[in-house]
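To keep things clear, I will list the structure first and then write my remarks on it.
Laboratory data are not the source of any read-out in this text; all were calculated from the coordinates shown. Fair warning: this is a prediction, and the values are worked out from it, not measured in the lab. All Cβ positions, glycine included, derive from the backbone under ideal geometry; neighbour counts span all protein chains shown.
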Amino acid sequence: MVNQIWNFKLFINIKMERKVKMYLTEKGFLKIKLSNGGKIKITLQVADAKGLHNYLKTIVPPQQPDQHLVNGYCLLYDNNKGKSAKKSIDDFISEVYLHKNIKWIGKSTDESFTIAIDRIVSKPLIVDPNAPRFFPNSIIKGTIGPKSYVKARVEENLQLINKEDTYTMLCSVYEKGGQRQKFRIDPKIIGNL
């Protein structure tokens, strides 16, 4: 009976330890209770993909699309607590978790068009070699093609907790059997455990 109780206590302790992580800091070990957060899926939905595609066709380089107009075609949401105070792309924030995966996908409500996420670019405006970065690479490539998506893992760096960062989603709207038009949006992420 005593062995059964001891084994049960050991099992509980092992199970509980999975929810706690030890980090070595300058002041020694820091024991942090992990949240229930996990993989995040961020979805870029374009309700009027045909309208966006037609607008982008009118842009002749080096002219740039009106970002406010492009953002108006787009809606962002995620499977976590993603929010926007002003209901706009520019202030949409996804809460992401250290050492967990993020997947960015595109979605069109128009069957004749698809939305691809070509790349995620995470370059800080002020280059500081000591600043924490959310991802190991500043450019994360997608899977290529009309249904391209991007996957990345957030770095395991305690300095990212509550750090907010703007990143760029380089995207394309594909017309089935037709042309591809490129666009970008600039949402935000914030780190959590």
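Rounded to whole Å, the principal axis extents of the Cα atoms in segment 77-128 read 44, 25, 23, largest first.
Rg and Dmax of segment 101-193, based on Cα coordinates, read 14.8, 47 Å. Along its principal axes, segment 140-193 has C-alpha extents of 46, 18, 12 angstrom, given from the largest down.
Between the beta carbons of residue 69 and residue 159, assuming R0 = 30 Å, the FRET efficiency works out to 0.25 to the nearest 0.05.
Candidates 185, 61, 109 compared by Cα position along the dipole of segment 37-192: farthest toward the positive end lies 109, with charges placed on Cβ.
Size check on segment 37-192: the Cα extents along the three principal axes, sorted descending, read 45, 31, 31 Å.
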